[in-house]
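What follows is a single structure, written as structure tokens, with notes after it.
The values are calculated or read from the model by the stated rules, or taken from the named source; none is laboratory data. These figures come from a predicted structure and were not determined experimentally. Using ideal geometry, Cβ is built from the backbone for each residue, glycine included, and neighbour counts are taken over all protein chains shown.
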Amino acid sequence: MSMKTGASRRKTSVVLAATLAMGTMMVSHAALAQTRLLETGSSLLYPLFNLWVPVYGKSHPGVQITTQSTGSGTGISEAVSGIAQIGASDAYMSNAQIKMHPAILNIPLTISSQMINYNLPGLNGRHLRLSGPVLADMYSGKIRYWDAPAVRAMNPGVRLPHQQIVLIHRTDGSGDTFIFSQYLSFSTPSWNNSVGYGTTISWPAVQGGIGAEGNPGMVNACKGTPYSIAYIGISFKQAIEKAGLGEAMLKNRAGRFVLPEPKTIGAAVQAMASHTPADERISLVFAPGAESYPIINYEYAIVNANQDGKTAGAVKEFFSWALSHGNSPYFMKQVGFVPLPPAIVKLSEAQIAKIH
Amino acid sequence: MSTVTSTLERPLSKRRQIRLSRRIVSLGGWTLSGLCLLVLSVLMVWILMVVFLRGAGALKWATFATITQGNGGGLKNAIEGTLVLSVGALLLAVPFGVASGIYAAEYPNSPWAKTIRFLADVLVGVPSIVVGYFGYVAMVQWMGWNFSVAGGSIALAIICLPYICRTTELALRQVSNDLRDAAYSLGANERRVVLGVCLPAAMPSVLTGVLLALAVSVGETAPLLYTAGWSNFMWDGHLIKSPIGYLTYAIWTFINEPFASANRLAYAAAFLVTGFVLIINVLARFVLERRARQ
Amino acid sequence: MKFRAWLALVAGILPVILLSVVLFLALYSKQAIHFNGWGFVVRNTWNLGNLYMDPIMRHGFQVQPGATYGILFLIVGTLLSTLFALLFAVPVGIGAAIFLAEAIPSHLRTWISFFVELLMAIPSVVFGLWGYVVVIPFLSRHFFPLLAATLGRLIPFFAGPTGSGYSLLTASIVLALMIVPIIAATLRDALVSQPVSLREAALGLGATRFEALWKVILPGARKTLIGATFLALGRALGETMAVLMVSGNALNYLPHNIYDPISTMAAFIVSQLDSALQDPTGMAVRSLAEIAFVLAIISVIVNGLARLLLLVWNNGQRTAAV
């Protein structure tokens, strides 16, 4: 990754590019260029960006924003390499990454949460109860069947089938994997010591496990596979309901089982937000509090503080809009997100001011 | 010969019996092989039906007139992108491919021509994702082009080059040597004979090869994913540092979405790509068939 | 002379490109090759390490703690899917070629073979779409349970659980369909071009038409069949998009039965590049380049061998399949 683009290489690249013999078209098009921004990354944030961009485009016709659902991993790496101007990520960058790229900012734009979904024919209408340790045991292959004692004990009165659990995980570098594995790590020491957390983790080898691309791929794989389980971003709740999949109640730090709702997500935000540092890189997962839903997170825009003059202005303006208009109930309700608390908006604004 | 005579000498009834059992085996053989062909044809029809029926239902005027917006909109940007990338690839690959093809055909027994011919065949077999990863490492990162038309076109050109080389060579080899001899006897030099006489004579077949290469590049995905990127908007005219959309990406990404509007885009894109590729192949076949008959 | 030299020079672009693809990948993955050693191909763990800890030095290379790169599951997935694809494709290809060459009148033959061979022109991603949308649901609901209940009783590798439909068998079936036309087309050409006298001699000896074909004509085309099979093998090894969409992207485990998910080297490169870019030390991206390098070498060898076989046996005559 340490491939630098020296001035000489740039020169060769231009010469080579010219050999494409399409130079004439360059001039005519470039003249009427608008500011183009490429947003790429988190498939969890993608539905929200798709709501934002058309509305924003109407009031800001000079800016064209391409949205792309590629996974948080790509969001981070393409923002770092400059391929994309805005990287979208459910995960903040690691200390090592920040040390290597000190100019990259992690700016929360809104708050999201994650569902645990399953496809249990006949039981999808019920909210199964699951905990971090039980999920960790499933994903490390210690619990192989739906009617395992640990799952049964947690769900008295539910007739669980004796069927093998099909585990679905993300293949792309994913913020959903990041927050899901944080939930497992923070709640289950053995998982923390063996697998840990990250946007990509080394999934324990469990027979029959499927890899899926992005949240959409997770929904489709879960829908098409009876007895499967998956972790899916809240912005796909409508898709989950349409697909008729089940949604689990999760055990929080206080030991209570909760669903991701504005109330429980709000409680978790309340418990964690005040700890947020100035660079805003912090996990909100497994928050204390009786009402707190355990898997929530900041949705980050990953952006380089050093931009071209015109791009910097466009990016700043868009982010400011996202923090104000973009966090309005009209948008938040459609994707199941909750707005940033005022104190966090201030921190984000301070970071946005660094872009130039 | 002794077996024949012995068969003939056997009593008639016994000969009949052997013939019958062997006939049954033969019949079974024909049935099995016919079944194989039937299975292939049925699967082919199945694929075409899925693509064309669902694709036709998904095609609307808006598909051609609007750009992609999130999980809906149209494919105008992707259609343009596919054309730009493929034309770019051909602009790069045709001069080199035709020149190598000419060399391989006109000097068929030189060691260099044999090497070229052999390596062209080997290059055809290099997986397209390998070319794509090479493109990512070399062009996106090392050259610093980011996702770009240039990167995508060059990756596609690498894939097309051997096709064009081999089809050009074949086309020139079909030009009769009488024509060459006649041209030489009139005092023309090598360049005149090849470029002025042989190449024009072979031109329809050469162009057919170029068309087939176009079909290949329109259908490719793997070499473009990490070189051309994707864009929701029309091409801005820049060759580097500006990603571009293309139809095969739309197939791959939008079929994976749980939204019907996105799936429709995927089917529409599949319809366009498959339709285009098949039309080119049918056309090419007609041209080649006609020339073979002449 | 000048013209010829100039042409020779331009034609040099082909070797240059092939060489630079292989060399570039080799150079780029050099560190990974040193770091991973031979264990790369026998280890069964692809682990980027803990991405949220600081990099450490190991064996003189900077990597994330816990990083190990092994691709045994990819090699097995690639080989098994290719092998099963060939097991389906070779017999079907032979059958189709026989029927096309011998049983169908020649004026129809051209167009029917053309129709079937059009399979070759259909883009990989369209096969993937078809596999993803219709084949997976069909197989997992109807065919796999049936197969497990019948053949599964005899052969353990075919026994259940039948899983999700994303599987080794699905990938092999889709792959088979993609490579059948290569075998069918090449072999059909060879059958048609066998000398008429051979067949007449066999018929004259009292053989039925099928016997003449099976015992005399087909053995004559054996070498072409082997060459074409190698070509098909090369194509199957490197096939990317279709496999990516139907194989289930198995990670770090080997298939226990034919319904288990797999992943192949080519598909893994596509699905893992963005994850690999998360590794701040860059070792993951270089290890992926090592996979691409290995795949490039394998495909050069397989295709080179196939072409050499066809070239030597056919006395330089060209085969139908490009």
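Residue C:123: at pLDDT 90 or above, out of contact with any Leu (no Cβ under 9 Å at 6 or more places or on another chain) and surrounded by fewer than 17 Cβ atoms within 10 Å (Cβ to Cβ), yes or no?
Numbers: at pLDDT 90 or above: yes; out of contact with any Leu (no Cβ under 9 Å at 6 or more places or on another chain): yes; surrounded by fewer than 17 Cβ atoms within 10 Å (Cβ to Cβ): no.
When the stated conditions are applied, residue C:123 does not pass them.
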Discussion item. Of all residues being in contact with a Ser or Thr (Cβ under 7 Å, 6 or more places away or on another chain) and hydrophobic (A, V, I, L, M, F, W, C) in region B:131-146, which is surrounded by the most Cβ atoms within 10 Å (Cβ to Cβ)? Just the residue, please.
Written reply: B:145
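Can you confirm whether residue B:163 is more than 21 Å from the chain's Cα centre (by Cα) and part of a helix (DSSP H, G or I)?
On the way: more than 21 Å from the chain's Cα centre (by Cα): no; part of a helix (DSSP H, G or I): yes.
Criteria not met by residue B:163.
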Practice prompt. Please tell me if residue A:239 is within 24 Å of residue C:138 (Cβ to Cβ) and surrounded by 24 or more Cβ atoms within 10 Å (Cβ to Cβ).
Written response: no
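Can we say residue B:73 is in contact (Cβ under 8 Å) with a residue 60 or more places away in the chain, more than 9 Å from chain C (Cβ to nearest Cβ), of a type outside the set (Val, Ile, Thr) and at positive phi?
yes
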Discussion item. Cβ-Cβ distance below 7 Å, separation of 6 or more or different chains: which pairs start in region B:38-60 with a residue that is over 14 Å from residue B:272 (Cα atoms) and end on one that is of a type in the set (Phe, Trp, Tyr) and surrounded by fewer than 12 Cβ atoms within 10 Å (Cβ to Cβ)?
Written reply: none
Fill in: Matching residues in region A:97-123 - criterion: being surrounded by fewer than 18 Cβ atoms within 10 Å (Cβ to Cβ) and touching a Leu at 6+ places or on another chain (Cβ under 8 Å)
A:123
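Conditions (1) of a type outside the set (A, V, I, L, M); (2) more than 14 Å from chain B (Cβ to nearest Cβ), marked per residue:
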position	(1), (2)
C:65	yes, yes
C:72	no, yes
C:84	yes, yes
C:93	yes, no
C:115	yes, no
C:131	yes, no
Worksheet item: Is there any pair linking a residue in region A:206-219 that is within 7 Å of another protein chain (Cβ to nearest Cβ) and part of a loop (DSSP other than H, G, I, E, B) to one that is among the aliphatic types (A, V, I, L, M) and crowded, with 24+ Cβ neighbours inside 10 Å, with Cβ under 6 Å and at least six apart or on different chains, and which?
Response: A:208/A:166
Worksheet entry | residue B:18 being part of a helix (DSSP H, G or I), of a type in the set (A, V, I, L, M) and modelled with pLDDT of 85 or more | no
Worksheet item: Looking at C:86, C:74, C:79, which one is within 30 Å of residue C:260 (Cα to Cα), within 20 Å of the chain's Cα centre (by Cα), assigned to a helix (DSSP H, G or I) and free of Cβ contacts under 8 Å to residues at least 40 places away in the same chain?
Response: C:79
Fill in: Residues of region A:53-75 classified as within 12 Å of residue A:302 (Cβ to Cβ) and within 7 Å of another protein chain (Cβ to nearest Cβ), total
2
Practice prompt. May I ask you to say which residue of A:334, A:307 is over 15 Å from residue A:39 (Cα atoms), touching a helix residue (DSSP H, G or I) at 6+ places or on another chain (Cβ under 8 Å) and not acidic (Asp, Glu)?
Written response: A:334
Item to complete: For region A:282-299, indicate whether the set of residues that are outside the structural domain of residue A:177 (by TED's automatic domain parsing) and in contact with a His (Cβ under 7 Å, 6 or more places away or on another chain) is non-empty.
Response: yes
Response to the item:
Out of (1) of a type in the set (Val, Ile, Thr); (2) crowded, with 24+ Cβ neighbours inside 10 Å; (3) assigned to a loop (DSSP other than H, G, I, E, B), the one residue B:248 does not meet is (3)
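Taking the condition of being under 21 Å from the mean Cα position of the chain (by Cα) and not in a helix (DSSP H, G or I), how many residues in region A:257-275 meet it?
Pass one, region A:257-275, residues under 21 Å from the mean Cα position of the chain (by Cα): A:258-273, A:275.
Add one more test, that the residue is not in a helix (DSSP H, G or I), and what stays is A:258-261.
Within region A:257-275, residues that are under 21 Å from the mean Cα position of the chain (by Cα) and not in a helix (DSSP H, G or I) number 4.
For the subset of region C:1-59 comprising residues that are closer than 30 Å to residue A:92 by Cα and among the aromatic types (Phe, Trp, Tyr), which member is farthest from the other protein chains (Cβ to nearest Cβ)? Give the steps one after another, and end with the answer.
Of the residues in region C:1-59, the ones closer than 30 Å to residue A:92 by Cα are C:28-29, C:31-32, C:35-36, C:44-59.
After this cut, where a residue has to be among the aromatic types (Phe, Trp, Tyr) as well, the list is C:28, C:35, C:46, C:52.
Values: C:28: 5, C:35: 15, C:46: 7, C:52: 4 Å.
Checked region C:1-59; the qualifying residue farthest from the other protein chains (Cβ to nearest Cβ) is C:35.
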Worksheet, complete the sentence: Within region B:222-241, the residues that are touching a Pro at 6+ places or on another chain (Cβ under 6 Å) and of a type in the set (Ser, Thr, Tyr) are B:231
Discussion item. Pull out all pairs, ordered by first then second residue, where Cβ-Cβ is under 6 Å, the residues are six or more apart or on different chains, the first lies in region C:149-165 and is over 29 Å from residue A:219 (Cα atoms), and the second is surrounded by fewer than 20 Cβ atoms within 10 Å (Cβ to Cβ).
Written reply: C:151/C:158; C:152/C:158; C:152/C:159
Discussion item. If residue B:138 meets every condition in (1) touching a strand residue (DSSP E or B) at 6+ places or on another chain (Cβ under 8 Å); (2) more than 17 Å from residue B:273 (Cα to Cα) apart from one, which number is that one?
Written reply: (1)
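Report yes if some residue within region A:146-161 is over 30 Å from residue C:276 (Cβ atoms) and within 14 Å of chain C (Cβ to nearest Cβ); otherwise report no.
Of the residues in region A:146-161, the ones over 30 Å from residue C:276 (Cβ atoms) are A:146-161.
Among the residues that remain, those that are also within 14 Å of chain C (Cβ to nearest Cβ) are: A:146, A:161.
Yes, there is a match, as at least one residue in region A:146-161 is over 30 Å from residue C:276 (Cβ atoms) and within 14 Å of chain C (Cβ to nearest Cβ).
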Item to complete: Output the helices (runs of 4 or more DSSP H) that fall wholly within region C:138-245 and possess 3 or more residues being modelled with pLDDT of 95 or more, or say none.
Response: C:168-192
Discussion item. Given (1) touching a helix residue (DSSP H, G or I) at 6+ places or on another chain (Cβ under 8 Å); (2) within 28 Å of residue C:270 (Cβ to Cβ), identify the lone condition not met by residue A:217.
Written reply: (1)
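Of all residues in region B:160-206 being acidic (Asp, Glu) and under 27 Å from residue B:118 (Cα atoms), which is surrounded by the most Cβ atoms within 10 Å (Cβ to Cβ)?
Quick first cut of region B:160-206, residues acidic (Asp, Glu) only: B:169, B:178, B:181, B:190.
Next, only the ones that are under 27 Å from residue B:118 (Cα atoms) stay: B:169, B:190.
Values: B:169: 27, B:190: 16.
Only one residue tops the list, namely B:169.
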Practice prompt. May I ask you to say which residue of A:287, A:305, A:301 is crowded, with 23+ Cβ neighbours inside 10 Å and touching a residue at least 40 places away in the same chain (Cβ under 8 Å)?
Written response: A:301
Practice prompt. Could you figure out which of (1) outside any helix (DSSP H, G or I); (2) more than 14 Å from chain A (Cβ to nearest Cβ); (3) small (Gly, Ala, Ser) isn't true of residue B:229?
Written response: (2)
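Select from region A:297-321 the residues that are β-branched (Val, Ile, Thr) and under 19 Å from the mean Cα position of the chain (by Cα) and list them in ascending order.
Keep residues of region A:297-321 that are β-branched (Val, Ile, Thr), which gives A:302-303, A:311, A:315.
Within region A:297-321, A:302, A:303 meet the criteria.
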Discussion item. Residues that are more than 14 Å from chain B (Cβ to nearest Cβ), under 28 Å from residue B:279 (Cα atoms) and not basic (Lys, Arg): does region C:184-198 have at least one?
Written reply: yes
Response to the item:
Within region B:184-221, of all residues that are more than 10 Å from chain C (Cβ to nearest Cβ) and not in a helix (DSSP H, G or I), the one nearest to residue B:87 (Cα to Cα) is B:188
Worksheet item: Within the group A:278, A:254, which residue is in a loop (DSSP other than H, G, I, E, B) and more than 23 Å from residue A:347 (Cβ to Cβ)?
Response: A:254
